[in-house]
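Have a look at the structure below before the remarks.
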Ligand code: KG4
Ligand code: ZN
């Protein structure tokens with residue numbers, strides 16, 4: 001095995017997907033298995049942490065076996081085991097961390113603890129090489145961040161949400177519209193047949209700030225729905241969804257574009273579950289067209305949680321010798337640096 005062709009077995013269990021993947025050289029996907037628990041959590045209208053942990057335990061072994069089989073590798077071929085260390089639900093993370101530690105110990109393999117958001121960013125490297133400096137827009141259920149990178153593994157936070165994450169706002173507005181969990185894809189779909197008739201507020205915060213805030217928008221939508229219900233008016237869900245989405249996307253796209261220009265980046269890398277959103281993808285494409293900045297958005301199966309992205313991020317750590325001990329612990333509030 002040459003140094004750039006290392007084979008990493010990666011595990012991700014930070015929320016409600018039990019995932020394992022085998023990645024070669026940080027860029028080549030040999031297998032990518034995701035067992036989703038979405039239908040289980042749908043009954044509760046959101047992820048129930050204890051239920052998630054229990055299902056991870058039930059699924060973990062089968063998912064690992066399938067990832068190894070599909071990649072057609074044995075543990076003798078594997079050079080390291082990587083796992084999401086945080087952030088996420090602690091009980092859920094612990095299942096993956098313990099599985100990774102057991103494999104590392106049993107097969108005498110180095111262990112790599114990966115930050116979940118670094119994973120989302122590196123999902124893009126399975127599709128194309130990175131060119132620095134780059135800007136990453138991370139939009140997921142727990143994060144909304146603009147991260148500047150001058151080199152591999154170098155993450156500088158230049159903006160973040162001050163309250164709700166973009167995906168969280170999608171999920172809460174969807175709940176208010178009585179749509180099933182997870183709300184993001186539901187609103188995305190509904191919005192396609194609606195119009196921005198409500199013109200909800202766009203929160204740009206202070207001049208020059210790259211921070212975000214979505215809780216005011218969420219409250220405006222919920223208040224509008226309350227008023228309509230009190231007056232017994234029919235709720236035009238398509239227009240509410242389209243109006244909410246237009247506000248989120250205007251702010252995300254405009255701030256990201258400003259930050260990308262100001263920081264003179266070569267690429268914009270989009271990451272996280274909300275990057276699956278059809279309108280966000282289309283608007284970013286329009287905005288960056290002709291800007292000289294290359295827009296990279298992962299294919300849908302790499303946008304939401306998966307282990308391939310963890311293997312891709314772990315490759316950078318592997319080549320730096322950034323290994324964890326067998327005392328690696330899940331860290332629900334793990335920071336990026
Ligand atoms: O990255 P991810 O799979 O998990 C976290 O790390 O949080 O992101 C999940 C989030 C959820 O809030 C979900 O509603 C949102 O991504 N999401 C979407 C879409 N698909 C998933 N939001 C808007 N439009 C979508 N198509
Ligand atoms: Zn995620």
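Nothing in this text is a laboratory measurement; each read-out follows from the coordinates by a stated rule. Since the model is a prediction, treat every value here as computed from it, not as a measurement. In this analysis, Cβ positions are derived from the backbone assuming ideal geometry, glycine residues included, and neighbour counts consider all displayed protein chains.
Numbers at a glance
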| read-out | value |
| --- | --- |
| Cα shape, the stretch 91-133, gyration tensor, a/c 1.5 rule | prolate |
| Between helix 215-230 and the chain: long-axis angle, C-alpha atoms, 0 to 90°, nearest 10 | 50 |
| Per-residue Cβ neighbour rank within 10 angstrom, fewest leading, 84, 74, 36 | 74, 36, 84 |
| Among 137, 217, 302: highest mean-square fluctuation, GNM of the chain, C-alpha pairs under 10 Å | 217 |
| With Cα atoms, 0 to 90° folded angle of helix 166-176 axis to the chain main axis | 50 |
| Three-way shape call for the stretch 23-76 based on the alpha-carbon gyration tensor, with the a/c threshold at 1.5 | prolate |
| Distance between modelled label sites at residue 322 and residue 192, nm, 7 Å Cα→Cβ extension | 3.8 |
| Relative contact order (%) - criterion: Cα under 8 Å, at least six apart; region: the chain | 25 |
| 0 to 90° range, to nearest 10: angle between helix 49-71 axis and the chain longest Cα axis | 50 |
| Computed over the stretch 170-242: relative contact order in percent, which uses C-alpha pairs under 8 Å that are six or more apart | 40 |
| For 210, 318, 301, order by how many other beta-carbon atoms lie within 10 Å, fewest first | 301, 210, 318 |
| Sorted by Cβ neighbour density within 10 Å, fewest at the top, the residues 130, 44, 212 | 44, 130, 212 |
| For the stretch 33-64 and the stretch 148-197, distance of Cα centres in Å | 22 |
| Alpha-carbon centroid distance for the pair the stretch 290-337 / the stretch 211-275, whole angstrom | 26 |
